[in-house]
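Reading through the structure tokens given below for one structure.
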Amino acid sequence: MVCLGNICRSPLAEGILKSKVNKKEVFVDSAGTAAYHVGNKPDERSIAVAKKYDIDITNQKARKFSFDDFKHFDVIYAMDKNNYQNIIALSSNDEELAKVKMILNEAKPDKNYEVPDPYYGGDTGFENVYRMLDDACEIIAQRL
Ligand code: 4NP
């Protein structure tokens, strides 16, 4: 799960998908394309909306996406088009490129809808992001 800062959207996506899969079978992680918040825990507003739905994301720590992630993960989900472009710029072959997907395409194929960046907005933005990610993660979990 990849966004820009790895403190708002992708930590929620990680927590939500983890809550829906068998953690012994599926490894879920998140990262950001930027390093601004490396080492930080998720934004308090993401922590709060996750807690509202009984998901604890307080132990996550932001890290930067690395080209090595292409080797360790089967699927890499981008939250928005900028994330997508920044991730694919680090891919080194077609196999790696094909691993990168826009997460909302799981629910609405080929539309390239984005999970909006909630960082500069209010709490309703985080609720909105939670619901979008919950829908997409439900479909991802069912297909696994
Ligand atoms: P995220 O949100 O990409 O969903 O983690 C953001 C977090 C921080 C910043 C931008 C977006 N920032 O500019 O610091």
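The values are calculated or read from the model by the stated rules, or taken from the named source; none is laboratory data. Predicted model only: the values in this text are computed from it and were never measured. Every residue, glycine among them, receives a Cβ derived from its backbone with ideal geometry; neighbour counts consider all protein chains shown. Surface accessibility is based on the protein's heavy atoms, side chains included, excluding ligands, DNA and RNA. Shrake-Rupley method; radii C 1.70, N 1.55, O 1.52, S 1.80 Å.
Looking across region 17-41, the residues that are over 11 Å from the mean Cα position of the chain (by Cα), more than 12 Å from the ligand (Cβ to nearest atom) and closer than 23 Å to residue 70 by Cβ come down to 18, 21, 23, 25, 26, 27, 39. Once region 1-16 is narrowed to residues that are touching a strand residue (DSSP E or B) at 6+ places or on another chain (Cβ under 9 Å), assigned to a loop (DSSP other than H, G, I, E, B) and open to solvent by less than 40 Å² (accessible area, probe 1.4 Å), the residue that is farthest from the ligand (Cβ to nearest atom) is 1. Among the residues that make up region 90-104, is at least one of them open to solvent by 80 Å² or more (accessible area, probe 1.4 Å) and either assigned to a loop (DSSP other than H, G, I, E, B) or within 16 Å of the ligand (Cβ to nearest atom) (or both)? Looking through region 90-104, at least one residue is open to solvent by 80 Å² or more (accessible area, probe 1.4 Å) and either assigned to a loop (DSSP other than H, G, I, E, B) or within 16 Å of the ligand (Cβ to nearest atom) (or both).
Number of residues in region 51-70 that are within 14 Å of the ligand (Cβ to nearest atom) and open to solvent by less than 40 Å² (accessible area, probe 1.4 Å): the value is 4.
Report, by residue number, each residue of region 106-126 that is assigned to a helix (DSSP H, G or I) and crowded, with 16+ Cβ neighbours inside 10 Å.
From region 106-126, those assigned to a helix (DSSP H, G or I) are 106, 123-126; that's our starting set.
Hits for region 106-126 are 106, 125, 126.
If you check residue 48 against the conditions, is it more than 13 Å from the ligand (Cβ to nearest atom) and either within 13 Å of the chain's Cα centre (by Cα) or surrounded by 13 or more Cβ atoms within 10 Å (Cβ to Cβ) (or both)? Let's see the steps before the verdict.
Details: more than 13 Å from the ligand (Cβ to nearest atom): yes; either within 13 Å of the chain's Cα centre (by Cα) or surrounded by 13 or more Cβ atoms within 10 Å (Cβ to Cβ) (or both): yes.
Judged against the criteria, residue 48 is a match.
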